[in-house]
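K.L.:
Here it is: the structure, laid out below.
A short reminder: the numbers here are calculations on the coordinates, not readings from a lab. In this text, all values refer to a predicted model and were calculated from it rather than measured experimentally. In this analysis, Cβ positions are derived from the backbone assuming ideal geometry, glycine residues included, and neighbour counts consider all displayed protein chains.
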Amino acid sequence: MHALTTATATAAPRWRRAVLALAVSLALAGCQTAASTSQQAARPQAAAVQVAALPALPTPAAAVPGSELALAPQGSALRRAHAAIVVDAATGAVLHEEDADSLRYPASLTKMMTLYLLFDALSEGRVRTDTPLVISAKAASQPPARIGLKAGGNLTVSQAIQALAVKSANDVAIAVAENLGGSEAAFAAQMTAKARSLGMRHTRFVNASGLPDPRQVTTARDMAILSRALKSRHASRASAFTARTFTYEGRSFQATNNLLGRVAGVDGIKTGYIRDSGYNLAASAHRGGRSVIAVVFGGESEGARDRQVTELIEQYL
């Protein structure tokens, strides 16, 4: 009896251990199954996120309003923040940079791309310098700077080039966008697509003028790329940026680029200002066989911006 009791007592722990081992095994199998099920469920979600993160390709020929947002750079632009870059206009080599890849608001530097697409249209024979651009009510209603276009009227492509390069006219920018793109939104999509093709990786356009819109962003480096492309690929037409006056219907308008005729060698290119950008300037200069492009964002005033650009030109030219 004692021996049986002892044997039973000895077997009991073994039985308990076997049951415990079986329970643990079943639990582990359940955890592995749950983990496998969880991973399988997670895979489609991860793929969906990855696909959603890919930028959509632009369709400039039949741009859909808002499609330019598919090429959106990430982040927000800093308000009235300084940024600068100087590049060799011939080689593209960077000579100086400060926050050159930080997002900024382009303001009227935008019109450099508006003009780039207009120059493309001229080169491709889609328009001529004497082609009339029809003025819509939207174009005529734009705030200053403007030259006072009247709805239902027109101006020629040649006049539009001068008005944009010299006066930075918002009404003319919209007229160009609507006549070339069918709508300003469609034209803005073409502007953004062109920016990508030029290597401007951090620029998004949503309008043709540069008037305030928090979605419209760029960088100093991107504007230097655009300036250089204008000066090299459309060299003969980019001479419009050297003009210091423009006359339309008896009114004379002065160039917004204060460095023309004041700083030796400066031959363009474009100014810009809105409250959120501060005072911007992309300037090109040529002396003694050398050319540079200097871009400054976020100047506290016209004078401060002009001094900064002048100093950079003097230092690196």
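K.L.:
Express in whole angstrom the spacing between the alpha-carbon centres of segment 206-245 and segment 265-317.
P.N.:
13
K.L.:
Just to be sure I understand the model, the point goes 7 Å from the Cα along the line to the Cβ. What's the resulting ALA264 to VAL134 distance in nm?
P.N.:
5.2
K.L.:
At 7 Å along Cα-to-Cβ for each site, give me the label-to-label distance between GLU124 and THR156 in nm.
P.N.:
The modelled label-to-label distance comes out at 2.3 nm.
K.L.:
Mind checking which of ILE225, ALA285, PHE119 is farthest towards the positive end of segment 73-316's charge dipole, using Cβ charges of +1 (Lys, Arg) and -1 (Asp, Glu) about the Cα centre?
P.N.:
PHE119
K.L.:
Taking a spot 7 Å from the Cα of SER236 along the direction of its beta carbon, which residues of segment 100-125 have an amide N less than 19 Å from it?
P.N.:
Residues 115-125 qualify, since their backbone N sits under 19 Å from the label point.
K.L.:
Can I ask one more? Among 214-227, 273-286, 140-153, how do they line up from the highest to the lowest mean number of other beta-carbon atoms within 10 Å?
P.N.:
Working: 214-227: 24.6, 273-286: 23.1, 140-153: 15.6.
Result, highest mean first: 214-227, 273-286, 140-153.
K.L.:
Packing-wise, with mean Cβ within 10 Å as the measure, how do 85-91, 247-253 rank, highest first?
P.N.:
In descending order of packing, they fall as 85-91, 247-253.
K.L.:
Given the options ALA163, PRO214, GLN254, identify the residue whose Cα lies farthest towards the positive end of the charge dipole of segment 73-316 (+1 on Cβ of Lys, Arg; -1 on Cβ of Asp, Glu).
P.N.:
Result: ALA163, furthest along the dipole toward the positive end.
K.L.:
Roughly speaking, what is the stretch gain from ASP88 to SER252, that is 0.36 nm per residue apart minus the C-alpha to C-alpha distance, in nm to one decimal? Write down the numbers at each step before the final one.
P.N.:
Working: separation 164, 0.36 × 164 = 59.04 nm, distance 3.40 nm.
Stretched out fully, the ASP88 to SER252 stretch lengthens by 55.6 nm.
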